[in-house]
1. Do we have SER499 as more than 23 Å from ALA611 (Cβ to Cβ), at pLDDT 85 or above and among the small types (Gly, Ala, Ser) here?
2. Which of (1) in contact (Cβ under 8 Å) with a residue 12 or more places away in the chain; (2) more than 14 Å from SER295 (Cα to Cα) does GLY259 not meet, given it meets every other one?
3. What pairs come out if I take residues in region 481-510 that are farther than 30 Å from ASN642 by Cβ and pair them with residues that are among the acidic types (Asp, Glu) and surrounded by fewer than 19 Cβ atoms within 10 Å (Cβ to Cβ) whose C-beta lies under 6 Å away, six or more apart or interchain?
4. Are there any pairs with C-beta distances below 9 angstrom linking a residue in region 400-425 that is within 19 Å of ILE334 (Cβ to Cβ) to a residue that is part of a loop (DSSP other than H, G, I, E, B), with the two at least 6 apart or on different chains, and if so which?
5. For region 634-641, indicate whether the set of residues that are modelled with pLDDT of 85 or more, surrounded by fewer than 15 Cβ atoms within 10 Å (Cβ to Cβ) and closer than 30 Å to LEU446 by Cβ is non-empty.
6. For region 43-102, what are the residues that are among the charged types (D, E, K, R), under 15 Å from THR125 (Cβ atoms) and in a helix (DSSP H, G or I)?
7. Residue by residue through region 12-42, note down the ones that are modelled with pLDDT under 85 and either in a helix (DSSP H, G or I) or surrounded by 13 or more Cβ atoms within 10 Å (Cβ to Cβ) (or both).
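The values are calculated or read from the model by the stated rules, or taken from the named source; none is laboratory data. Only a predicted model underlies this, so the values are computations on that prediction, with no experimental measurement involved. Note that we place each Cβ from the backbone using ideal geometry, even for glycine, and neighbour counts take in every protein chain shown.
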Amino acid sequence: MLQSIINYLILPEEKTEAEIKHVRSINKIALVVAYLHVPLFVLVALACDTGVMNALILSTLVLAGPTIASRTIEDPRKLSLIFGFTSMCLGAVLVHLCQSSVQIEMHFHFFVFLALLAVYGNPLTILVAAVTVALHHAIFWLFLPESVFNYEAAIWVVGIHALFVVLESVASCFIARNFFDNVIGLEKILVARTSQLNQRNDDMKMILDNTDQGLLTIALDTGIVAAEKAAKVNEIFGQDLKAPIWDWFEPFAPGVGAGIRLGFDALVENVMPESVSLVQLPSRFEKGESFYSLSFLPIRKDGKIKNMLMMISDITAELERNAAEKKQQELMRIFECINRDRAGFVEYLDETNRLVNTIKQSDSQLKETKRYLHTIKGNSGILGVTSMLDVCREMENRIEEDGTITKADINLLESTWASLGQTIHRYLGEDHSDHLQVTTAELEKLIEKARQGMETNRIISELDTWKHEPMAIRLERLATQARGIAERLNQKNIHVETSDNGLRMPQDRWASFWSSFAHILRNAIDHGLKDMPDDGKPTLKLTTDIDKDNFLVVIEDNGHGIDWQKVEAKANGIGLPASCHEDLVDALFTDGLSTRDEVNEISGRGVGMSAVKEECQKLGGTISVTSELHKGTNMTFSFPLNGISEMRHVA
């Protein structure tokens with residue numbers, strides 16, 4: 001118990017900077033207050049006729065102690081004890097000089113200063129003052145009572161004074177110690193709390209520094225990044241920037257920085273739904289040869305977003321792995337196509353190579369380039385050549401958005417095709433086109449004719465037709481493509497019928513037409529047969545035939561049919577003639593017109609049909625279209641046979 005009281009009254013030896021600064025400041029004020037007592041004593045001495053000289057001498061004696069101590073004692077705590085003693089001595093002088101009817105009232109000086117000494121935050125200072133005033137009263141009551149009381153006070157009066165001193169001293173000590181612990185000692189509390197926070201920050205930093213993600217917190221309104229962030233952030237951005245987050249991206253990805261700033265501004269100003277603003281924030285960026293993903297997590301206060309947690313992940317390895325897997329899958333699809341229809345894939349190679357080389361020529365018009373890209377994209381999509389499909393799609397999007405095509409786009413198209421072509425040619429071999437296409441039915445038919453005694457020159461003539469492409473294989477190839485397109489559109493119940501009528505055609509002459517004809521095939525399925533009910537038995541018919549002096553290619557479906565009113569409205573919208581059926585057919589095959597309201601991977605840009613028309617016209621052909629809503633569509637492509645001596649009709 002006694003030790004606890006002692007520990008309470010005596011402060012810890014350790015002194016903080018805050019305590020030293022505070023006590024030194026109070027000591028200076030106490031010295032000034034002490035000197036201000038001198039004129040007070042002179043006035044009291046004059047009023048009470050106790051001698052001005054007496055007042056000056058006593059003041060000098062009392063003030064000598066704190067004056068000398070202030071210059072010699074460095075420890076502000078020890079100096080505070082001197083001022084505790086001095087304050088009571090000054091009270092004693094005041095009471096001594098005021099030997100009049102108000103002398104007893106001068107004792108308030110002791111009690112006032114006992115209370116004021118609490119500002120030191122040191123109970124020992126108050127204890128020194130209390131002992132001083134107790135000794136003063138006891139000694140002077142015995143030897144010079146008129147210096148203390150203006151009447152003959154009994155010992156019990158001194159005891160009452162002592163009791164009040166004790167009571168006030170106890171209260172003052174309590175106030176002083178609490179002041180020390182909770183105000184003067186606040187620095188210790190802050191140091192302890194800071195130490196705890198630093199430990200927590202160190203623990204958090206250790207976690208952040210050992211994560212693969214770059215984590216950082218950003219003020220939504222200013223874009224300033226908080227100091228606590230993962231080591232990965234400094235690894236990505238280099239020096240620890242103090243600028244807003246959007247300026248961090250300026251050297252290598254200014255568009256990303258601008259996107260973040262616009263997104264943050266939209267969230268602050270609440271110009272659109274919060275979910276929309278969050279979705280529109282950038283999700284990726286690249287720096288050098290590395291690729292990173294961005295994700296944002298709102299940090300809310302009072303229901304509103306105040307800060308944003310940004311997470312940066314290095315996805316370079318993941319993208320490389322995905323690209324390798326995608327490339328492997330693409331090659332597997334290509335090899336399947338080659339094994340299934342080698343000649344068809346060789347034709348795709350030759351035609352795509354021709355179109356890529358055409359696009360490379362600077363004199364090609366933008367409209368023509370769009371057609372070529374659309375053709376490459378469509379044929380690549382059918383055969384699963386996704387690398388070319390992706391490049392063409394991006395170029396088409398850029399043309400739609402900017403109306404231009406850059407040299408970098410063309411170089412990317414060329415390099416992608418060259419890389420893919422090298423791989424395919426290694427698989428096909430150098431002489432990949434020197435093969436005949438003969439159906440089993442044709443072979444068996446010729447063998448039977450030879451057995452029946454067909455003349456040699458007629459057999460040779462028949463064999464000579466085998467240099468050309470059999471329409472049976474061509475139509476079956478188109479049928480396979482049609483089924484593949486339907487499957488991609490989840491239209492798996494489509495029925496395809498073919499009728500080649502025993503025709504063969506010179507492959508080189510018609511290669512470009514067949515390449516563009518894929519657009520007609522895709523539109524027939526995507527526009528005509530898509531989403532038909534199962535009981536509707538969606539059917540596509542492909543026919544080649546000869547009608548007098550014309551070679552005919554017919555595609556017919558029993559699907560939705562063409563909405564000619566919609567075609568008319570679309571034609572009027574882009575300033576095309578639409579007064580008769582022929583005008584509407586021409587509009588149907590014009591750049592920029594599509595009856596679809598949205599663009600997809602299959603169709604919708606209004607480019608493919610014009611490419612077909614262009615190739616048809618190059619061969620001197622014409623196009624006729626008959627269609628009725630909910631009854632289907634028939635498109636017939638008619639080509640003159642004039643000068644085509646290579647054409648054969650197998651008997």
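1. Yes.
2. (2)
3. ASN493/ASP534
4. As it stands, the answer is LEU420/VAL385; ILE424/HIS432; HIS425/HIS432, since those pairs meet every condition given.
5. yes
6. Answer for region 43-102, where residues must be among the charged types (D, E, K, R), under 15 Å from THR125 (Cβ atoms) and in a helix (DSSP H, G or I): ARG77, LYS78.
7. If the condition is that a residue be modelled with pLDDT under 85 and either in a helix (DSSP H, G or I) or surrounded by 13 or more Cβ atoms within 10 Å (Cβ to Cβ) (or both), then LYS15, THR16, GLU17, ALA18, GLU19 are the ones that fit.
Conditions tested, residue by residue: (1) within 18 Å of MET635 (Cα to Cα); (2) without any contact (Cβ under 8 Å) to a residue 24 or more places away in the chain; (3) assigned by TED's automatic domain parsing to the domain that holds ASN501; (4) surrounded by 18 or more Cβ atoms within 10 Å (Cβ to Cβ).
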| site | (1), (2), (3), (4) |
| --- | --- |
| ARG522 | yes, no, yes, yes |
| ILE525 | yes, no, yes, yes |
| LEU529 | yes, no, yes, yes |
| MET532 | no, no, yes, yes |
| ILE546 | yes, no, yes, no |
| GLU568 | no, yes, yes, no |
| ILE574 | no, yes, yes, no |
| HIS581 | yes, yes, yes, no |
